[in-house]
Amino acid sequence: MISAVARTSMRTRAVARVLRSGDHHNTSPNGMHLPFNTQKKGFKYLYWGSCTFFSALPVIAAWWQIRKGNGTKSY
């Protein structure tokens, strides 16, 4: 015997499957679905610069803490 909750969830999954399997042939040029312009000249430099900076930030913070030492070093 299947409970009412289980039947409801089964029905919801079946509806979601039908909705997701619709016709998705809406092609758009590369990057046009994003909220910013990817075709600008400096976008790739800003993107890669941001990725590099935020990836290096933990290493820079660790270096700063190690460099700082126990407080006896003056910088």
Residue by residue through the range 33-58, note down the ones that are at pLDDT 90 or above and among the hydrophobic types (A, V, I, L, M, F, W, C). Leu46, Trp48, Cys51, Phe53, Phe54, Ala56, Leu57
Determine whether Asn30 is modelled with pLDDT under 85, touching a helix residue (DSSP H, G or I) at 6+ places or on another chain (Cβ under 8 Å) and not basic (Lys, Arg). no
Out of Ser9, Ser3, sole residue that is out of contact with any strand residue (DSSP E or B) (no Cβ under 9 Å at 6 or more places or on another chain), surrounded by 10 or more Cβ atoms within 10 Å (Cβ to Cβ) and modelled with pLDDT of 60 or more: Ser9
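The values are calculated or read from the model by the stated rules, or taken from the named source; none is laboratory data. Predicted model, so just to flag it, every value in this text is computed and none were measured. As a convention, Cβ positions derive from the backbone with ideal geometry for all residues, glycine included, and neighbour counts pool all protein chains shown.
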